[in-house]
1. Are any residues in the range 361-380 outside any helix (DSSP H, G or I) and open to solvent by less than 10 Å² (accessible area, probe 1.4 Å), and if so, which ones?
2. Tell me which residues, restricted to the range 21-50, are over 25 Å from Q77 (Cα atoms) and open to solvent by 90 Å² or more (accessible area, probe 1.4 Å).
3. Does I257 satisfy the criteria of being under 24 Å from V193 (Cβ atoms), touching a Ser or Thr at 6+ places or on another chain (Cβ under 8 Å) and at pLDDT 95 or above?
4. Quick one: in the range 400-423, of everything that is in contact with a Leu (Cβ under 6 Å, 6 or more places away or on another chain) and open to solvent by 20 Å² or more (accessible area, probe 1.4 Å), which residue is nearest to M179 (Cα to Cα)?
5. When the residues of the range 193-213 are narrowed to those that are in a loop (DSSP other than H, G, I, E, B) and touching a strand residue (DSSP E or B) at 6+ places or on another chain (Cβ under 7 Å), which ends up nearest to A233 (Cα to Cα)?
6. Taking the range 381-398, which residues are part of a helix (DSSP H, G or I), in contact (Cβ under 8 Å) with a residue 12 or more places away in the chain and closer than 17 Å to A254 by Cα?
7. Can you confirm whether K15 is surrounded by fewer than 20 Cβ atoms within 10 Å (Cβ to Cβ), of a type outside the set (G, A, S), at pLDDT 90 or above and touching an Asp or Glu at 6+ places or on another chain (Cβ under 8 Å)?
8. Looking only at strands (runs of 3 or more DSSP E) that lie completely in the range 249-308, which have at least 2 residues being under 30 Å from R182 (Cβ atoms)?
Amino acid sequence: MINLHRDRINYSMDKLIHGTNYTTLRNECVQRNMISPDMVARIENTAMDETTRHRKLFEKITKRGPKAFNTLLDICQRQFPKAYAELNPASNDQQMHSTLNPQRVRSVSCNVAPKAFAIRGPSSQHELVDGMNNNVAAESLTEESKCTLLVYEEILPSFTVTLSNGPAATHPKVLAYPMKSRRRGVAFIVNVVTFVKDVHPKRNGADIDGQNLISLFQQLGFIVFYYEDITMADYKELLAKLKESEYLSCDCFAFYILSHGDHKKGSDYIFLHDNSILRVEDILTEFNTVNCTKLIRKPKLFFISICRGEQSDLGSYRLSTNTERDGMIDPRKPLPSNIATYCDMLVCYATVPGFAAHRDPSHGSWFVESMCRIWAEHAHDTDVEILMKLVGEFASTYRTETAALQTICTEQRGFFKQLFLNPGYYERPEDKLN
């Protein structure tokens, strides 16, 4: 079970105990092979009162592998509605993990905010278990499993993506990237929540971002890889495995990273769990046409959800007057047939250089929430660049208690075609059925 699901159980433990029946929950868990009768015997032999048994049962569930959380959700949805609402807050109003505030006023938590209370469970190990074999015998994880390239299991959606009835209408003068096959895309998501020795404050609310992004990309038909609190060594190993795999034989690739960060001397920096520094430019270099040939001529989306400075944007304006041209190729000569090193890339930042990105500890970051809302509603008939304009417009209506705002920005590197995600539409009918 990943940390964001474990956190949710541990944080709501008392309410879950109050909202469920121990005997019923125990029996359901055994019937669904989430725990074994031997595990139940050990719990009941060591815990005399039912409340303690109840608590130990939930603690055991948090160690039961990647399918355990969804199994628990299903049990609670059928048997314990109050507990289900605690584990899946969006079920209360069928919306995303957010509260609709008509004035869009939000509290701020960025890289200069004070630390808040921690809700991480007793084990902070980065756990990855074989999703195809969630056997009750697999109670512990080895070091070798830490960097397994594992497709994230399908989760219960906390919001609904509108599906396409057919391919979206393209602009008559702009071609579109092919996005109609069963291999629709791969989303590689890195969510850094905590940092070694608390060098940086915990990113409260980041678990909600993770849940929403997993739900969004899965509904868009993407294969999702999701990792929390990884080190630089983990990152390099996972990236190498991904680039060697057949997963990248797909229509589209999306890279999403959420953490603390900064912008200095023209470069953007991202802090990983071990406080190592990852440059945004190094991420893009990994997937250029030289270093990742599998994605040549494929659309590559990069989402960088970090602060790019410490300033709060209170509405000042910055104008650029530099309009010099560096030079052009002789138009009388034929264009060469080579391909650019950086092309088919769209890079989306949560904020502009020098300014903070905002995150609500209870509802997640403005960037992720805005993106999930807009994409869920409009991805069926709107291309990605227009989607990001809508995301930016939506996020611009947010304000902190001190009236600070946030400006999302995008950069395209040879991204010359339209990209329609076409959720739910497949060119071949058999793809939709399989």
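1. Hits for the range 361-380 are G364, S365, A379.
2. Passing the criteria: D38, R42, N45, T46, M48.
3. yes
4. Restricting to residues being in contact with a Leu (Cβ under 6 Å, 6 or more places away or on another chain) and open to solvent by 20 Å² or more (accessible area, probe 1.4 Å), the top hit is K417.
5. F195
6. Within the range 381-398, V384, E385, L387, M388, V391 meet the criteria.
7. Answer is yes for this residue.
8. 253-258, 300-305
The values are calculated or read from the model by the stated rules, or taken from the named source; none is laboratory data. These figures come from a predicted structure and were not determined experimentally. FYI the Cβ positions are ideal-geometry reconstructions off the backbone, even for glycines, and counts take in every protein chain you see. With ligands, DNA and RNA removed, areas are computed over all heavy atoms of the protein, side chains included. Shrake-Rupley method; radii C 1.70, N 1.55, O 1.52, S 1.80 Å.
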